[in-house]
1. Please indicate, with yes or no, whether at least one residue in the range 117-125 is assigned to a loop (DSSP other than H, G, I, E, B) and either at pLDDT below 80 or in contact with a strand residue (DSSP E or B) (Cβ under 6 Å, 6 or more places away or on another chain) (or both).
2. Which ones in the range 34-73 are at pLDDT below 75 and out of contact with any His (no Cβ under 9 Å at 6 or more places or on another chain)?
Amino acid sequence: MIFYSIIESVGEGVTDVAPGDHVLPVFTGECKECPHCKSAESNMCDLLRINTDRGVMIGDGKSRFSINGKPIYHFVGTSTFSEYTVMHVGCVAKINPEAPLDKVCILSCGISTGKFIQYILVCML
């Protein structure tokens with residue numbers, strides 16, 4: 001699974017990240033425009049909240065993956081089970097390029113899912 005990434009390319013109009021930027025995928029993204037994103041009290045974005053049924057990109061309703069001409073649907077908006085993925089810019093968090101990717105990757109999925117606690121417990125045993 002991809003818990004960190006280096007941006008390979010960006011789509012038209014994307015200005016928040018650029019090729020070469022280091023990022024972490026976040027499955028509870030932020031569009032920065034909806035009332036929840038503008039609120040100091042919530043991070044449940046109206047556009048990018050977790051939606052396991054969507055399986056497609058928000059902009060055009062299509063999957064970016066296929067095999068033998070048949071679509072493979074996105075998982076939780078991030079598709080981090082693949083070597084390469086296509087994500088909404090609101091679902092990546094830009095990080096310091098000096099941060100060691102093999103260490104900060106736990107911040108992406110591990111902490112938000114509780115896997116970090118399991119990691120700590122295993123390390124302590």
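1. Looking only at the range 117-125, we keep the residues that are assigned to a loop (DSSP other than H, G, I, E, B), and these are 125.
Applying the additional criterion that residues be either at pLDDT below 80 or in contact with a strand residue (DSSP E or B) (Cβ under 6 Å, 6 or more places away or on another chain) (or both) yields 125.
Within the range 117-125, one or more residues are assigned to a loop (DSSP other than H, G, I, E, B) and either at pLDDT below 80 or in contact with a strand residue (DSSP E or B) (Cβ under 6 Å, 6 or more places away or on another chain) (or both).
2. Matches in the range 34-73: Ile50, Asn51, Thr52, Asp53.
The values are calculated or read from the model by the stated rules, or taken from the named source; none is laboratory data. The structure presented is a predicted model; accordingly, all values stated were derived computationally and were not measured. Backbone-built Cβ (ideal geometry, glycine too); neighbour counts: all protein chains shown.
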